[in-house]
Each structure stands twice: as structure tokens, then as C-alpha cells.
Amino acid sequence: MAITQILVLFASALLLSMFFTGVDSTRSNETWHEHAVENPEEVAAMVDMSIRNSTERRRLGYFSCSTGNPIDDCWRCDRRWQSRRKALANCAIGFGRNAIGGRDGRYYVVNDPNDDNPVNPKPGTLRHAVIQEEPLWIVFKRDMVITLKEELIMNSFKTIDGRGVNVHIANGACITIQFVTNIIIHGIHIHDCRPTGNAM
């Protein structure tokens, strides 16, 4: 399987998990089904078609900027994507296709990779950004490696957008997306996560 397809499948799986996040698992099956999509097979077929179309356009050289990843192909051909970052919210496919993330909020620039105080995070850190109540489109000032001391618990309506820089969340705790909605994470590397105990 090509790396592009793996990335698209990962993105689709992440969006799927975000779509169902926030549903209390103790509710009855009847309530659960009220929140599920009407036709999951149709959604899966749409994802498959998007991947095949994007891959075929790349193979044929239809777009010089085409990657074969339908989410990346959606924004990458726009030469001014950096000034139109929020258009990424319209690029989702699959079960998370309606997620808007922080599209309706302001930009928040992370300029500090430190995570020194998980209980009272310093402004300019990723942790400070994701705990805010309002919608935010989170971007990064420069390349950075963020080593989280405790798991990063997010609030709803956030986009973590790592395009244009090289951002890693590594060698510490990772991100928890639970009981929230409308989360978009794109273009960051998350790896080498470690258990860190109870979250703050």
C-alpha cells in the first residue's frame, strides 16, 4: 500500500474517531444509533472514490501539485494557501467531513515548545491553545519538538495546523481527543508517545 494511501487512511480513521467522540459510551445502543451516520457504507465508498480519483489524477499528471492524497490535493494547489489556511476545513472526507475545527475562530500562534506547567500553561504554548474555550486555528511560528509532560486534553472547535513547519509531538505524553467535537489535526508528526499517568 502506498504511503499516501496509508496517510489518507490514517487521516480518515482519525476523522472517524473525532466524529464519534463526545458520545457517552454508557448510553443505550438505541441512543448510539441516533448519532451514527445513516449509511456508513456510502461514506466509506466516498472515501475510496476520493482516493482513487486523486491517485489517478496524479498518475495522469492532471495537476502538477497533486500528491494522490485527496485531503492534501484539496489545498496544496493553491499558491496562496498560507493566507487561506482555513480552507483546509473544507477538505475533509469520510466520517469527519463536516468537522470545521477552529475555522470560525482567530489564529493562535504557538511560539514556545515547552510544556513546563500542565496545570497553568504559559501563553504561546500548544497546551495553552487547546484548552481555550473559543474556536482557534492553531499554527506554529517555527519548527519545534514538543515533549508533553501530561496528556494534552483538547477542547472542541480546534485546528492544529502544522503545514509549512516541521512540528513533532514526541517523547512524552500525546493528545487525547475525547468528549469533544470539531477537531482537525493536520501536518504534525506524533510519535514515541509514553504513558504519563493521570491527565491534568
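Quick note: the coordinates plus some simple rules give every number you see, no bench work behind them. Owing to the predicted nature of the structure, the values given are computational and were not obtained by experimental measurement. Every residue, glycine as well, gets a Cβ built from its backbone with ideal geometry; the counts of neighbours run over all protein chains shown.
For segment 72-104 and segment 142-200, what is the separation of their C-alpha centers, rounded to whole Å? About 19 Å separates the Cα centre of segment 72-104 from the one of segment 142-200. Sorted largest first, the principal axis extents computed over the alpha-carbon atoms of segment 116-192 equal 26, 26, 22 Å. Distance between the pseudo-spin-label points of residue 38 and residue 190 (7 Å out from Cα toward the beta carbon): 3.1 nm. Model label sites at residue 104 and residue 90, defined 7 Å from Cα along the beta-carbon direction, differ in position by 1.7 nm.
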